[in-house]
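The values are calculated or read from the model by the stated rules, or taken from the named source; none is laboratory data. Note that the coordinates shown come from a computational prediction; the quantities given were computed from them, not determined experimentally. Neighbour counts are summed over all protein chains in view; Cβ atoms, including those assigned to glycine, are modelled from backbone coordinates with ideal geometry. Side chains are part of the model used for accessible areas, which takes the heavy atoms of the whole protein and leaves out ligands, DNA and RNA. Shrake-Rupley method; radii C 1.70, N 1.55, O 1.52, S 1.80 Å.
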Amino acid sequence: MPFQSVLQDLRYTFRTLRRDAGFTTFAILIVGLGIGASSTVFSVASALLIRPLPFRDPGSLVWITNRDAAGLSGRTTQVGNFLDLREASHSFSDLAAYFAFYGVGDSKLTGAGEPERLSGVPVSENFFPLLGVQPELGRGFNADEAKWNGPKAVLLSHSLWERRFGSDPAIVGRPLTLNDEPTTVVGVLPSSFDFASVFAPGSHIDLYFPFPMSQETNRWGNTLAIVGRLKPGVSPGSAAAEVKFIAQQITSAHPERNGFGGNVTPLTEHVSGPTRPALVVLGSAVGVVLLIVCANLSNLLLVRAAARQKEMAVRTALGAARRRLVRQMLTESVVLSCCGAVIGVGLAIAGTRLLARLDAVSIPLLQSVRVDTTALAFAMTMAVVAGLIFGIAPALQIPSTGVHDALKESSRSSTEGRRGAWLRSTLVVCEVAFACVLLVGAGLLIRSFLQVLDVKLGFQPERTAALRVDPDRRLPTQDEQNAYFDDGLRRTRAVPGIEGAALTDALPLGRNRSWGVGAKGQVYARGQAPVAFVRIISDDYMKAMGIQVRSGRELSARDDASSEAVVVINDTMARRVWPGEEAVGKILRVDRERRVVGVVADVRHLALEQGAGLEMYLPIRQTRDYSSVDLVVRTTLPPSALASTVRAALRPIDPNLPATEFRPLQQLVDKAVSPRRFVVLLLSGFSAFALVLASLGIYGVISYSVSQRRQEIGIRMALGASASDLQRRIVLQTLGLAGIGIVLGTAASWALARLLTGFLFGVTSNDPVTFLGMVIVLTAVAVTAGYFPARRASRIDPMSALRAS
């Protein structure tokens, strides 16, 4: 193809599109929205599934868990088992770990500036070298700092260094007061490293501490999340087999330790695997949207081509070959699509920036989503492909007949021909069918999402918030800490507007640890003893959280170290440990023998979609086995006033308590459903866009049909046809097209909806309400789209129409 000929086609294309500015603008906007949506979803998929993890040689990294179980205690590993695995394994060049039970606001920064709660992660000495992460400033941890009671050291995240310390390079070597102890800053990590986006989506990490692999930390039980780097040439499968074998040897050799399962998966699969099905659904939805865009624009171009028949006939008469005219039409469609892609890329850039700032959405690597060169190449490829798809049908409509026949075909007394009308109607049917698929998918996910929101949580998050209130290290004894808690609760409950206040070490839908338990007098086989989630709470916790007491009583202020050891359990645990019996008054073996004094309703602590497991509540005044404490308050105060009011009440006992750390419990619920909400919102947006395009397609075809049948309609009206009869005929024609599309779309939706089964909760893939709603919505859209052309047709003046013929 000569280059000069291509330039001629482009110049003619731009002149033609400039003359028809309204059509050009509309087509570019439609393509831009379609390309923008597809590029945004592709950018998310690229960050999660295509782009490698931001570590050195990420393909050789693996994730090692204890066993697939609910709660961190089941998935994490004991220090002794980790050290033995690292010593015995030959598949790994190194193994590293981090303390998985870190919490939000575990570290309190005081001294210069306002007191602030920071989130820190204790990591093994070799954690960052294993990942290939080098500090931007300073150094990593050394062997002395990684010892039990070694020198206090900390690495700062890049964001904390910028926000709190103004990017001061002299911060390295400076001591900070963390948790009332001087801690030396040894380095600052690079901005490219974001622990939370990979290992803890939806959270924010500020600090990193050395975690000692010692006998002391081994006594804490299962605490470590393990990352390994494979030796060159070792596959994940062979490493998994070796770890399984070593795990069995470790468990047999050390019956005094917790068991170790040793499951190995590639780190990429651990991070991105759970999101892959959702991205496949969104990618499929985008594909359907692009097909609807192509069908819509193809219809518009067909109408435009019908109006250009005379132009094409004249060009043929002047010697233009049909191949050259087809190329010209395809050039116009590709240029339109590429212009739309420019807008689409702009929309994708804005969309990805918005997604990257969604801190409350617990989707891994979301903060790294961006429109990179791969996404740009994808957008331009989709633009060219889409341009060819929606341009091919109009291009092939160019007549191959002689000039005389073409001119006669385009005369004002002729119609467009049955073939053109049939093709446009077919495209509308396809648009409706595609819209059916999207509406059913969105409808099922929306109904499922509403079912999730409607589950009985077991607690009432409304008007409830939490504040971290760990006692200072200067309170070393149980009695001193109890006095601190008693004083804090008394002061908080005296604040006007506070309806209830209590303490807990574990909020719902957060981290979960589990302990082995058993009924007194009951003998369990090895590995068969019940395992229960443990919550350490104060009196009035059930009242503050809105948890219903089924029988017995809740814990009280009298349940202290000098009184009988007691425990409160949930319904599920009562049925599991003492089936068919009254649990209140029975003795439960936990850390020691405890009497059950109450049974409370189940709480969904793990996820909204998962039922409650075995749960028990221990009095905070009878144990010190907790790493953090939150003050939970039920209040009528607005959130803005709550923090400052409670802070003022607690200042006498804790002058360094941060003032802005109250977290509404509704945020925990919102974060738990954030991945589901993310998919629902995107798919709903695509469905709404598809519905608009389908309605425009129906309107365009019917409107063009009315304009082509103007003379026929005039004759009918002259012969006595009423306006209402004409309107009814046209609306029925519209419903006929929509009906065929709905039938085809329903069949396709019925089959494809089964792919969504894994995303559904409380709704089946053949949910009749969703399918009926889809039929009603599309029928209403079709009637609306057909009514306006029908109304315009009924107002045609018969004499004007007859004179025009």
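For a straight C-alpha distance cut-off of 13 angstrom, the aspartates and glutamates reachable from K147 (same-chain residues fewer than eight places away being disregarded) are E125, E216. Taking all Cα pairs closer than 8 Å and separated by 6 or more residues, the relative contact order of the chain comes to 16 percent.
Within the straight-line cut-off of under 19 Å between alpha carbons, the lysines reachable from K671 are K456, sequence neighbours fewer than 8 places apart in one chain being disregarded.
Paramagnetic label reach from E181 (point 7 Å along Cα→Cβ; backbone nitrogen cut-off under 19 Å): within the range 115-132, residues 116-126.
When the residues D539, D194 are ordered by accessible surface, computed with a 1.4 Å probe over the protein chains alone, the sequence from largest down reads D194, D539. Remark: accessible surface ordering of I587, I392 (largest first) is I392, I587, probe radius 1.4 Å.
According to the square roots a ≥ b ≥ c of the eigenvalues of the Cα gyration tensor, what is the shape class of the range 556-692, taking rounded for a/c under 1.5, prolate for a/b larger than b/c otherwise, and oblate for the remainder? In terms of gyration-tensor shape, oblate. What separates the Cα centres of the range 564-611 and the range 114-133 is a distance of 36 Å. Tally Lys and Arg at +1 and Asp and Glu at -1 over the other residues with C-beta under 14 Å from the C-beta of L737: what net charge comes out? Net local charge, L737 excluded: +1. By the compact-protein rule of thumb, 2.2 N^0.38 Å, the alpha-carbon radius of gyration of the range 452-522 corresponds to a ratio of 1.49.
Note on the chain: antiparallel DSSP beta bridges, both residues inside, total approximately 75 percent of the bridges counted. Taking the 1.4 Å solvent-accessible surface of the chain as the whole, the part contributed by carbon and sulfur is 59%. Ligands, DNA and RNA excluded, the heavy atoms of H90 present near 130 Å² of accessible surface to a 1.4 Å solvent probe. Rounded to whole numbers, the Karplus 3J(HN,Hα) couplings from phi for the range 764-773 are 8, 5, 10, 4, x, 4, 5, 5, 5, x Hz, using 6.51 cos²θ - 1.76 cosθ + 1.60 with θ = phi - 60°, and x at Gly and Pro.
Report ³J(HN,Hα) in whole Hz for each residue of the range 542-555, in order, from the Karplus equation J = 6.51 cos²θ - 1.76 cosθ + 1.60 where θ = phi - 60°; Gly and Pro get x. Each residue of the range 542-555 in turn: 4, 5, 5, 8, x, 8, 7, 8, 7, 8, x, 9, 8, 5 Hz.
Using a probe of 1.4 angstrom and keeping all protein chains present, the accessible surface of the range 130-242 works out to 42 square angstrom per residue. Derived scalar couplings between HN and Hα for the range 725-740 equal 5, 5, 4, 5, 4, 6, 5, 5, 4, 4, 5, x, 4, 4, x, 5 Hz in order, rounded to whole Hz, by the Karplus curve 6.51 cos²θ - 1.76 cosθ + 1.60 (θ = phi - 60°), x for Gly and Pro. Placing a pseudo-label 7 Å from each Cα along the Cα-to-Cβ vector at E593 and I776 gives an inter-label distance of 6.3 nm.
Decide, for the range 5-94, between rounded, prolate and oblate: order the square roots of the alpha carbon gyration tensor eigenvalues as a ≥ b ≥ c, take rounded if a/c falls under 1.5, and otherwise choose prolate if a/b is larger than b/c, else oblate. It is prolate, given that a/c is not under 1.5 and a/b is the larger ratio.
By definition, a body whose alpha carbon gyration tensor gives a ≥ b ≥ c is prolate when a/c is 1.5 or more and a/b is larger than b/c, and the chain fits this prolate description. Separation of the range 29-65 and the range 362-401, taken as the distance between their Cα centroids, equals 17 angstrom. With the charge dipole of the chain set up from +1 on Lys and Arg Cβ and -1 on Asp and Glu Cβ about the Cα centre, the Cα lying farthest toward the positive end among the listed residues V371, G132, T110 is that of V371. For a straight C-alpha distance cut-off of 20 angstrom, the aspartates and glutamates reachable from K586 (same-chain residues fewer than eight places away being disregarded) are E554, D559, D560, E564, D571, D602, E615. Estimated from helical segments only, the mean residue ellipticity of the chain at 222 nm is -16500 deg cm²/dmol, where each DSSP H run of four or more residues counts as -39500 (n - 2.57).
Label point of N656 set 7 angstrom out along Cα-Cβ; within the range 159-197, amide nitrogens under 13 Å from it belong to 176-183. Among V523, P476, S538, pick out the residue whose Cα is farthest towards the positive end of the charge dipole of the range 464-542, where Lys and Arg carry +1 and Asp and Glu carry -1 on C-beta, about the Cα centre. Of the candidates, V523 comes out farthest on the positive side.
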